[in-house]
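We did not get these values from a lab; they are worked out from the coordinates using the rules stated. Everything quoted here is computed from the prediction, not taken from an experiment. Methodologically, a virtual Cβ is constructed for each residue, glycine included, from the backbone with ideal geometry; neighbour enumeration extends over all protein chains shown.
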Amino acid sequence: MANTARKRTSARNSKTAPSRLPMLLGALAVVALAVGIAVMTASDAGSAVSVEEFAGSPTVTTDPLPPFADTATDPAIGQRAPAVQGQSIDDEEVTIGEPGRSQLLLFLASWCPACQAELPEVVEWLEGGKLPDEVDMTAVVTGLDATRPNWPPSDWLDEEGYTGPNIVDDAQSTIADAYGMSGTPFWVAIDSAGNVVARASGRLDMSQVQIMADSLATR
C-alpha cells in the first residue's frame with residue numbers, strides 16, 4: 001500500500017510540476033534580443049557622421065553684414081556682400097559673394113521645420129526652369145547639429161531632390177554670421193557687382209522668390 005501511495009504521489013507530481021524549458025527559452029530570447037539591439041546601436045553610432053566630420057572650413061575675405069532685422073529698413077542693402085570661399089558637401093571648392101554674376105543664396109538648416117517645407121517648393125521651382133539663366137543659386141547648409149532631425153543634411157538634400165550648388169558652413173556658423181542671418185530659411189539676393197539687393201528671413205512664397213530672382217536678372 002505504501003509503495004502504491006508513493007507511486008501515485010510521484011505520478012501526480014510529474015503531471016503538475018511546471019516545465020522549466022519554456023522559461024529557459026524565453027530568457028535566452030530576451031538575452032539574444034538585448035545583444036542584437038546593442039550590436040545595432042553600436043553599429044549606428046559608429047556609422048553616424050559627426051558635426052566635425054561634416055562641417056566645412058569657410059573663409060570670409062570681406063566685411064560681414066549687419067544682423068538682419070527687417071526687410072523694409074535693411075541697412076545691408078547696397079553693401080558689398082561677404083566673399084566666402086569654402087567647400088560643398090562633395091568637397092568641391094565653392095565661392096559665394098564675389099562679383100561677376102548675380103546670386104541667390106538660400107540658407108538652410110536640416111532640422112528647421114520651415115526649411116523642410118521650403119526646400120521641396122524650391123526644388124519644384126528650379127526643376128520648372130524658373131531660375132533666370134543670368135542668376136546662380138546656392139544653398140548654404142548651416143545650423144549644423146547632429147542631435148536634431150534630418151542629420152546629416154546631405155541625406156535630406158538627396159531625399160528632396162536638390163542637386164544644385166551648395167556650400168557647407170562650419171560648426172560656428174561663420175557664413176551665416178557673416179551674412180547677418182537671423183533665422184532659417186534665410187534668403188540673400190546679390191547683384192553682379194557683388195552688392196546686396198535684398199535679404200529675407202523665414203519661409204517665402206515662391207512668387208516672392210520669383211520676383212527676387214527676376215530683379216537680379218537685370219542687374
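Table for the structure above
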| item | result |
| --- | --- |
| Estimated vicinal HN-Hα couplings, Hz - the stretch 74-83 in sequence order (Karplus 6.51, -1.76, 1.60; Gly, Pro = x) | 6, x, 7, 4, x, 7, 5, 6, x, 8 |
| Summed side-chain charge close to Ser110 - residues other than Ser110 whose Cβ falls under 11 Å, Lys, Arg +1, Asp, Glu -1 | -3 |
| P(r) histogram, all alpha-carbon pairs of the stretch 51-217 included - 5 Å bins from 0, percent | 1, 9, 20, 24, 23, 16, 6, 1 |
| Environment charge of Arg199, counting only residues whose C-beta is closer than 10 Å and scoring Lys/Arg +1, Asp/Glu -1 | -2 |
| Taking only Cα atoms of the stretch 46-126, radius of gyration then Dmax in Å | 15.5, 48 |
| Alpha-carbon centroid distance for the pair the stretch 112-132 / the stretch 146-219, whole angstrom | 11 Å |
| Most to least packed among 66-77, 163-174 [average Cβ atoms within 10 Å] | 163-174, 66-77 |
| Gln87 long-range amide H proximity, modeled H, under 5 Å | Ser57, Val94, Val168 |
